[in-house]
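*Asks:* I have a structure here, written as structure tokens, and I will follow up with some questions on it.
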Amino acid sequence: MKDKILDGIEKHVVYFLTGFVAVVSALLVVVFLYLFMFAPIIFLGGYYFLALPVMSALIYYLGKRIMKGLE
């Protein structure tokens, strides 16, 4: 009986931690999108769009290396 209760508690703790990680990840994505994509537009103006292709290529290259590393 005690093991059954502990298994139930453990299951709900795992659910809670999974949700916590998902919320923190979503918040970090939003913050980093603001910091690296939108804030420089305010400071650099139109010149920021010259750097956008370089950033896009870097993101693609990093994503490709990560995915090849997982295979």
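Laboratory data are not the source of any read-out in this text; all were calculated from the coordinates shown. Note that the structure is predicted; figures quoted are calculated from it, not measured. Here the Cβ positions follow ideal geometry from the backbone for every residue, glycine too, while neighbour counts run over all protein chains shown.
*Asks:* Would you mind getting me the FRET efficiency between Y61 and F36? Use the beta-carbon distance for r and R0 = 25 Å, nearest 0.05. Don't skip to the end; give the middle numbers.
*Replies:* Numbers: r = 16 Å, r/R0 = 0.63.
That gives a FRET efficiency of 0.95.
*Asks:* Of L52, P40, L17, which is farthest on the positive side of the dipole of the chain, counting Cα position, with +1 on Lys and Arg Cβ, -1 on Asp and Glu Cβ, and the Cα centre as origin?
*Replies:* L52
*Asks:* Place a +1 charge on the Cβ of each Lys and Arg in the chain and a -1 charge on the Cβ of each Asp and Glu, then give the dipole magnitude about the Cα centre in debye, rounded to the nearest 20. If you can, show how the numbers build up before the last one.
*Replies:* Working: 6 positive and 4 negative charges, 26 e Å.
The calculation lands at about 120 debye.
*Asks:* Quick one: angle between helix 48-70 and the longest Cα principal axis of the chain, in degrees between 0 and 90, rounded to 10, please.
*Replies:* Tilt of helix 48-70: around 40 degrees.
*Asks:* Taking only the alpha carbons of the chain, what extent do you get along each of the three principal axes, in Å, biggest first?
*Replies:* 66, 33, 7
*Asks:* Separate question: Taking the Cα atoms only, what angle lies between the long axis of helix 2-33 and the longest principal axis of the chain, rounded to 10 degrees?
*Replies:* 10
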